[in-house]
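Peer 1: Just dropping this structure here.
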């Protein structure tokens, strides 16, 4: 048991002392994308994103972090995910650092009804999803594109006006997958002074 703690301490110490960058950073930003509509057609509508991303530098070229994101308009998706980023260039004096990454986590879609229909149980669903990502850091500014792939959600559809309206209750599946283009700033995580 003691050997495990010694190895863990050694690993953490090695990561911390091999860094050219400060260990912790906290990012915040805004973005835009598209998300599923209520209609039976597989259409998308524009939405805005607000996201928070605390991260730890594992090495000079990799980070492990968490993304908390709300994509919102009349249709919304809240997500809580973990992600890994790998920087493609070695550390240099240039502040431009392109990266690729992958994230996985839980998505909570919210879909409201339109004038003719109501959706009874989308609000209770939490589903699995993942996202490949690509982007770059430029100083303390960063830009990222996330391709969010979310497990489709099935829910009951029923009319507001009751059976006499001529609309029958039925199940429908909605794919909430969406792409986002985001810009943000991060605090901390910069290059250590030499």
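Matching residues to (1) assigned to a strand (DSSP E or B); (2) at negative phi; (3) at pLDDT below 75:
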site	(1), (2), (3)
4	no, yes, yes
14	no, yes, yes
32	yes, yes, no
41	no, yes, yes
68	yes, yes, no
71	yes, yes, no
83	yes, yes, no
89	no, yes, no
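Peer 1: I've got another one for you. Look at region 51-86 and say how many of its residues are under 22 Å from residue 148 (Cβ atoms) and surrounded by fewer than 20 Cβ atoms within 10 Å (Cβ to Cβ).
Peer 2: The initial filter retains those residues of region 51-86 that are under 22 Å from residue 148 (Cβ atoms), namely 51-55, 62-86.
Imposing the further condition that a residue be surrounded by fewer than 20 Cβ atoms within 10 Å (Cβ to Cβ) reduces the set to 52, 54, 62, 64, 66, 68, 70, 72-74, 76, 78, 80, 82, 84, 86.
Count: 16.
Peer 1: Something else: Could you tell me whether any residue of region 120-132 is surrounded by 14 or more Cβ atoms within 10 Å (Cβ to Cβ), in contact with a strand residue (DSSP E or B) (Cβ under 8 Å, 6 or more places away or on another chain), at pLDDT 85 or above and part of a loop (DSSP other than H, G, I, E, B)?
Peer 2: The answer is no, given that none of the residues of region 120-132 is surrounded by 14 or more Cβ atoms within 10 Å (Cβ to Cβ), in contact with a strand residue (DSSP E or B) (Cβ under 8 Å, 6 or more places away or on another chain), at pLDDT 85 or above and part of a loop (DSSP other than H, G, I, E, B).
Peer 1: Another question, if that's okay. Tally up the residues in region 91-117 that are part of a strand (DSSP E or B), at pLDDT below 95 and surrounded by 15 or more Cβ atoms within 10 Å (Cβ to Cβ), please.
Peer 2: Counting residues in region 91-117 that are part of a strand (DSSP E or B), at pLDDT below 95 and surrounded by 15 or more Cβ atoms within 10 Å (Cβ to Cβ) gives 7.
The values are calculated or read from the model by the stated rules, or taken from the named source; none is laboratory data. Here the structure is a predicted model, which is why all the values come from computation and not from measurement. Ideal geometry is used to build each Cβ from the backbone, glycine not excepted, and the neighbour counts take in all protein chains shown.
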